Amino acid sequence: MSSETFEIIELANGDVALRRAGHREDPLVRIHFSDESSNFLREHKIAVARAMLEAGIEAVQTIDEMDPDFHEEEELEPVNHTIH
């Protein structure tokens with residue numbers, strides 16, 4: 001990602017999202033917490049989402065450093081993965 005400014009927002013449905021600051025288009029990332037998780041986290045939900053987003057951004061930066069060609073366009077089939 002470039003050096004643009006991003007903002008973390010809470011959507012009307014309770015999801016937490018990352019979008020470009022000042023833009024109203026669809027967010028780049030949405031995080032959905034189940035009702036159980038939201039009830040458990042209460043006012044800490046945004047802080048947890050922020051930590052998740054920061055970890056994701058750090059992971060992308062690490063991938064980019066290890067594989068500079070990572071962002072090149074290639075045709076990929078969408079795949080669902082379960083990560084444990």
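The values are calculated or read from the model by the stated rules, or taken from the named source; none is laboratory data. Bear in mind the structure is a predicted one, so any value in this text is a computation, not a measurement. Positions of Cβ are generated from backbone atoms using ideal geometry, with glycine treated the same way; all protein chains shown enter the neighbour counts. For accessibility, only protein heavy atoms count, side chains too; no ligands or nucleic acids. Shrake-Rupley method; radii C 1.70, N 1.55, O 1.52, S 1.80 Å.
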**Asked** Per-residue HN-Hα couplings for the range 40-55, Karplus 6.51 cos²θ - 1.76 cosθ + 1.60 at θ = phi - 60°, whole Hz, x for Gly and Pro?
**Response** 5, 7, 6, 6, 8, 4, 5, 5, 5, 4, 4, 4, 5, 5, 4, 5
**Prompt:** Hey, any idea what % of the range 17-66's accessible area is carbon plus sulfur with a 1.4 Å probe?
**Reply:** 52 percent
**Request:** Using amide H atoms built 1.01 Å from N in the peptide plane, name the residues 5+ places from Phe33, or on other chains, whose amide H lies under 5 Å from its own.
**Result:** Val16
**Item:** Solvent-accessible area per residue, Å², over the range 1-50 with all protein chains present [probe radius 1.4 Å]
**Value:** 73 Å²
**Message:** Within 14 Å, Cβ to Cβ, of Ala47, how many net charges do the neighbouring residues add up to if Lys/Arg are +1 and Asp/Glu are -1?
**Reply:** 0
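Between Ile63 and Val29, what length in nm is gained on full extension when 0.36 nm per residue of separation is reduced by their alpha carbon distance?
Full extension from Ile63 to Val29 adds 10.4 nm.
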